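In what follows, a single structure is set out as structure tokens and then discussed.
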Amino acid sequence: MDVWASVSSGEDGASWVDPRVLRGEVLEEAPSSIPATYPGRQGIATGWWASTTGALVECGTEVERRGAVFLDFDPSVAGFAASRVRLRWQHEDQRGTVAPVFFARTCAGQRLAVVHPPRPGTRGRHEREALHVAAEAAGWALRELGPPDGIRIASLERAAAFRFPEFDDPQVRTALRKTFSVPRPLQDGVAAAGLLPGSNSRAYHLLWTGDLMTDWSRPLLPTSTVWTSTEDT
């Protein structure tokens, strides 16, 4: 299979190069903007403010936005951005294009190309092969988007609503970490810490940052059991 890469839109006139040219390129820090909408577009043009970087990440669909939630919550990810790379592939008499959704960098320095799960059929297999060829040439590891729905993403999104810096307070953080050293329902711990009514948002923020823990396979509610993380965040 032959594979070429472009860092532009991939339209006519784009410059296509060997994927090896992209080895070492800092693709996870690309500038972002909300994609333009147009009649017939599949999905919702949206964006995600990433607490990991403090920057807006472009998302072309709701599935991609939810994938951004997983990346933003992952403590092993140091940064990520919408992909500006498109791949063109040719296998015998078949040809096509495919693109990663995001590029990310882990805290260990590994670069990730975050991709959709493979489509069924021969074309889907060729697209995945093209991604593997490019990843090997450019020094990326492939990672699939997180699950697009389910209890876990719904719970993460509830905590993510309070991911913003205005919910961070060092004194509250200390008080809640101490209170939740013994597992207890979220709302009970907030009350035991002496916080004002309606302060559950502070606990949700600390769940997002990893200072507090819960069972993410269960719905996140004010009655959910919460405990202090044993890791130094």
Inset, instruction - Could you list, in sequence order, all residues of segment 102-126 that are under 20 Å from GLY24 (Cα atoms) and open to solvent by 10 Å² or more (accessible area, probe 1.4 Å)? - result: ARG105, THR106, CYS107, ALA108, GLY109, GLN110, ARG111
Inset, instruction - Look through segment 53-70, keep the residues that are open to solvent by 10 Å² or more (accessible area, probe 1.4 Å) and under 20 Å from ALA135 (Cβ atoms), and return whichever of them is farthest from the chain's Cα centre (by Cα). - result: GLU64
Inset, instruction - Would you please name the residue that is surrounded by the most Cβ atoms within 10 Å (Cβ to Cβ), looking only at residues in segment 76-101 that are in contact (Cβ under 8 Å) with a residue 60 or more places away in the chain and under 20 Å from VAL57 (Cβ atoms)? - result: VAL85
Inset, instruction - Could you grab me the full set of residues in segment 73-99 that are assigned to a loop (DSSP other than H, G, I, E, B) and under 13 Å from the mean Cα position of the chain (by Cα)? - result: ASP74, PRO75, SER76, SER83
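Taking SER181, is it open to solvent by less than 50 Å² (accessible area, probe 1.4 Å), in contact with a strand residue (DSSP E or B) (Cβ under 9 Å, 6 or more places away or on another chain) and of a type in the set (Gly, Ala, Ser)? If you could, list the steps in order and put the result at the bottom.
Values: open to solvent by less than 50 Å² (accessible area, probe 1.4 Å): no; in contact with a strand residue (DSSP E or B) (Cβ under 9 Å, 6 or more places away or on another chain): yes; of a type in the set (Gly, Ala, Ser): yes.
For SER181, the condition - open to solvent by less than 50 Å² (accessible area, probe 1.4 Å), in contact with a strand residue (DSSP E or B) (Cβ under 9 Å, 6 or more places away or on another chain) and of a type in the set (Gly, Ala, Ser) - is not met.
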Inset, instruction - Answer yes or no: is there a residue in segment 45-52 that is more than 21 Å from THR97 (Cβ to Cβ), at pLDDT 90 or above, exposed (fewer than 12 other Cβ atoms within 10 Å of the Cβ) and not aromatic (Phe, Trp, Tyr). - result: no
Inset, instruction - Tally the residues that are part of a loop (DSSP other than H, G, I, E, B) and open to solvent by 40 Å² or more (accessible area, probe 1.4 Å), restricting the search to segment 205-233. - result: 10
Inset, instruction - Go through segment 150-178 and give me each residue that's part of a helix (DSSP H, G or I), among the hydrophobic types (A, V, I, L, M, F, W, C) and open to solvent by 40 Å² or more (accessible area, probe 1.4 Å). - result: ILE151, ALA154, PHE167
Legend entry - Within segment 135-149, tally of residues that are modelled with pLDDT of 95 or more, closer than 21 Å to ARG65 by Cα and open to solvent by less than 40 Å² (accessible area, probe 1.4 Å): 1
Inset, instruction - Kindly indicate whether any position in segment 189-197 is touching a residue at least 24 places away in the same chain (Cβ under 8 Å) and either surrounded by 16 or more Cβ atoms within 10 Å (Cβ to Cβ) or more than 24 Å from ALA55 (Cβ to Cβ) (or both). - result: yes
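Listed here are the residues, each with its yes/no results for (1) modelled with pLDDT of 95 or more; (2) in a helix (DSSP H, G or I).
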| residue | (1), (2) |
| --- | --- |
| GLU58 | no, no |
| ARG65 | no, yes |
| LEU71 | yes, yes |
| PHE103 | yes, no |
| ARG119 | no, no |
| HIS126 | yes, yes |
| GLU129 | yes, yes |
| VAL133 | yes, yes |
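The values are calculated or read from the model by the stated rules, or taken from the named source; none is laboratory data. Model, not experiment: these values are computed from the prediction. Ideal geometry is used to build each Cβ from the backbone, glycine not excepted, and the neighbour counts take in all protein chains shown. Note: accessible area is taken over every heavy atom of the protein model, side chains too, but ligands, DNA and RNA are not part of it. Shrake-Rupley method; radii C 1.70, N 1.55, O 1.52, S 1.80 Å.
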